[in-house]
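Enquirer: This structure is in structure tokens; I'll ask about it shortly.
The values are calculated or read from the model by the stated rules, or taken from the named source; none is laboratory data. Keep in mind the model is a prediction, meaning the values are calculated, not measured. Cβ placement follows ideal geometry from the backbone for every residue including glycine, while neighbour counts extend to all protein chains displayed.
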Protein chains: 2
Amino acid sequence: MVPVPPPFPPPPNAETAADPDAEPATEGALARSQAARRRRVLDATLQLAAAGGFDAVQMRDVAAAADVALGTVYRYFASKERLLLEAMAEQQADLRAYLDVHPPREPTPAARVVSVLRGANRSLREFPDVTAAMVRSFGTAQIENADIVRRVTEIMTGIITSAIHAPERRPATENEVRVARILMQVWLSSLNGWVCGVDGPDRVDEDLAAAAALLLP
Amino acid sequence: MVPVPPPFPPPPNAETAADPDAEPATEGALARSQAARRRRVLDATLQLAAAGGFDAVQMRDVAAAADVALGTVYRYFASKERLLLEAMAEQQADLRAYLDVHPPREPTPAARVVSVLRGANRSLREFPDVTAAMVRSFGTAQIENADIVRRVTEIMTGIITSAIHAPERRPATENEVRVARILMQVWLSSLNGWVCGVDGPDRVDEDLAAAAALLLP
DNA sequence: GCGAAAATCAGAACGTGTTCCAATTCCGAT
DNA sequence: ATCGGAATTGGAACACGTTCTGATTTTCGC
């Protein structure tokens with residue numbers, strides 16, 4: 001989906017001084033096969049996660065399912081954690097793209113937020129093991145993955161911000177961003193409570209509805 | 001601190017039918033040495049975590065530092081994750097006990113909540129590696145640790161609830177509990193952002209102050 | 001096409017959480 | 001004081017994430 005994201009380590013074939021134009025080097029057989037490899041690895045990850053959750057995503061199995069060597073998986077994703085976090089970021093980006101095309105139609109900000117997040121949670125509930133694996137990776141994140149964690153939180157906050165001031169095209173106010181951040185934090189914590197088995201899946205919706213009601217007049 | 005918490009697996013020396021009185025069997029050389037062992041293990045855990053965070057808490061080292069066999073550590077704590085979560089629960093329980101004696105004196109609920117949580121965060125910042133280890137364990141939690149996760153969240157929510165209706169002795173209203181839960185979720189998410197390196201430690205205080213201002217009129 | 005450089009492969013190897021086991025020690029009741 | 005059973009010990013063993021290595025294949029500029 002991303003326009004040929006370079007593989008993880010300093011992309012060895014990064015544009016040298018020879019071609020300083022900003023073109024992201026999207027073409028070439030190498031780039032294409034690399035993108036395909038990356039995609040196979042991510043797909044294999046999702047497949048395994050869907051079957052048995054975090055523990056079922058074993059790097060040797062990912063490599064085998066993606067039909068690449070173990071070392072290649074690590075060339076693209078520095079760790080299992082990062083692999084799952086990148087899958088999570090992609091999932092959230094897909095959700096945002098979908099919402100750009102199908103924005104919520106409810107009349108009030110609170111109703112729109114609740115509608116969007118209920119929809120998202122419905123999807124997450126369909127693949128509880130995938131969600132558990134992703135949320136778990138999110139909760140374990142270390143400094144070396146701070147960039148993706150930030151990306152994921154920014155996407156989630158963006159989704160909520162858009163839902164708040166739905167059809168309007170103005171930039172979000174400072175207060176809207178604050179509220180969106182709080183809702184995102186509630187969302188993440190609540191998902192964590194669900195995948196830990198502390199609360200049922202419905203509790204996520206309830207938490208978000210309550211928070212939205214209190215925060216969005 | 002807890003009145004002789006029984007070791008993890010079905011405490012083998014649990015009161016059999018012979019002594020049905022509810023006395024928690026706090027006495028006896030066995031119970032005493034077990035309590036001491038448990039304490040040594042927890043202390044060793046904190047010591048190692050303070051030195052190098054989650055990764056420095058290696059079960060073999062914990063066993064050695066606590067002067068017990070590796071198998072004994074696992075008899076008391078089913079996993080490294082659980083070990084750290086129990087330490088976290090104890091830490092939170094200590095905080096609550098302290099606050100019962102030194103409740104916040106600010107005039108408004110929001111100010112009291114902010115005061116209490118700022119104080120807690122100040123302590124957490126003094127031992128960032130310990131905090132990181134605990135928060136990380138919290139974020140990784142699995143179903144088999146749902147009970148401690150619930151205990152930790154309940155203690156945190158209780159701390160916040162008490163701060164909201166400070167000196168008053170009435171039970172919390174339904175709305176207060178809802179607000180307290182949201183604040184706890186913001187707290188946990190924000191701590192996660194800090195230990196992940198996504199945000200600086202001050203962001204935790206800022207998030208909580210903003211949320212408290214919005215939620216507590 | 002050819003050759004150098006990069007990427008990939010297959011698999012061994014290592015570290016740490018976790019489990020398992022036989023031998024020993026400790027506790028509590030007789 | 002002694003016996004039975006539970007707790008503890010020391011250490012081997014296993015699983016899986018991760019790293020490393022040397023051989024092989026692919027790509028790209030000429």
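Enquirer: Within region B:105-147, restricting attention to residues that are among the polar types (S, T, N, Q) and either more than 17 Å from the chain's Cα centre (by Cα) or assigned to a helix (DSSP H, G or I) (or both), which residue is surrounded by the most Cβ atoms within 10 Å (Cβ to Cβ)?
Expert: The residue in question is B:137.
Enquirer: Are any of the residues in region A:171-181 crowded, with 24+ Cβ neighbours inside 10 Å, within 10 Å of chain B (Cβ to nearest Cβ), in contact with a helix residue (DSSP H, G or I) (Cβ under 9 Å, 6 or more places away or on another chain) and of a type in the set (S, T, N, Q)?
Expert: no
Conditions (1) closer than 25 Å to residue A:209 by Cβ; (2) not polar (S, T, N, Q); (3) not assigned by TED's automatic domain parsing to the domain that holds residue A:203, marked per residue:
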{"residue": "A:48", "(1), (2), (3)": "no, yes, yes"}
{"residue": "A:58", "(1), (2), (3)": "no, no, yes"}
{"residue": "A:63", "(1), (2), (3)": "no, yes, yes"}
{"residue": "A:68", "(1), (2), (3)": "no, yes, yes"}
{"residue": "A:88", "(1), (2), (3)": "yes, yes, no"}
{"residue": "A:99", "(1), (2), (3)": "yes, yes, no"}
{"residue": "A:106", "(1), (2), (3)": "yes, yes, no"}
{"residue": "A:120", "(1), (2), (3)": "yes, yes, no"}
{"residue": "A:124", "(1), (2), (3)": "yes, yes, no"}
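Enquirer: Pick from region A:195-209 the residues that are without any contact (Cβ under 8 Å) to a residue 60 or more places away in the chain and surrounded by 17 or more Cβ atoms within 10 Å (Cβ to Cβ): which of them is nearest to the chain's Cα centre (by Cα)?
Expert: Selected residue: A:196.
Enquirer: Return the pairs, sorted by first residue and then second, in which the second residue is among the acidic types (Asp, Glu), the first residue lies in region A:29-49 and is assigned to a helix (DSSP H, G or I), the beta carbons are less than 8 Å apart, and the residues are 6+ apart or on different chains.
Expert: Short answer, once both residue conditions are applied: A:40/A:67; A:42/A:86; A:42/A:90; A:44/A:61; A:48/A:61; A:49/A:129.
Enquirer: Any residue at all in region A:43-59 that is within 14 Å of chain B (Cβ to nearest Cβ) and more than 9 Å from DNA strand D (Cβ to nearest atom)?
Expert: yes
Enquirer: Could you list all residues from region A:60-86 that are within 10 Å of DNA strand D (Cβ to nearest atom), more than 14 Å from every other protein chain (Cβ to nearest Cβ) and closer than 23 Å to residue A:151 by Cβ?
Expert: Residues satisfying the conditions are A:62, A:73, A:74, A:75, A:77, A:78, A:83.
Enquirer: If we keep just the residues of region A:184-216 that are more than 7 Å from every other protein chain (Cβ to nearest Cβ) and assigned to a loop (DSSP other than H, G, I, E, B), which is farthest from residue A:120 (Cα to Cα)?
Expert: So the residue we want is A:216.
Enquirer: If you don't mind, another one. Name the one entry in B:153, B:157 that is buried (at least 18 other Cβ atoms within 10 Å of the Cβ), more than 24 Å from residue A:134 (Cα to Cα) and out of contact with any Asp or Glu (no Cβ under 8 Å at 6 or more places or on another chain).
Expert: B:157
Enquirer: Next question. Scanning for something modelled with pLDDT of 95 or more, in contact with a helix residue (DSSP H, G or I) (Cβ under 9 Å, 6 or more places away or on another chain) and closer than 20 Å to residue B:137 by Cα, does region B:25-38 turn up at least one residue?
Expert: Among the residues of region B:25-38, at least one is modelled with pLDDT of 95 or more, in contact with a helix residue (DSSP H, G or I) (Cβ under 9 Å, 6 or more places away or on another chain) and closer than 20 Å to residue B:137 by Cα, which makes the answer yes.
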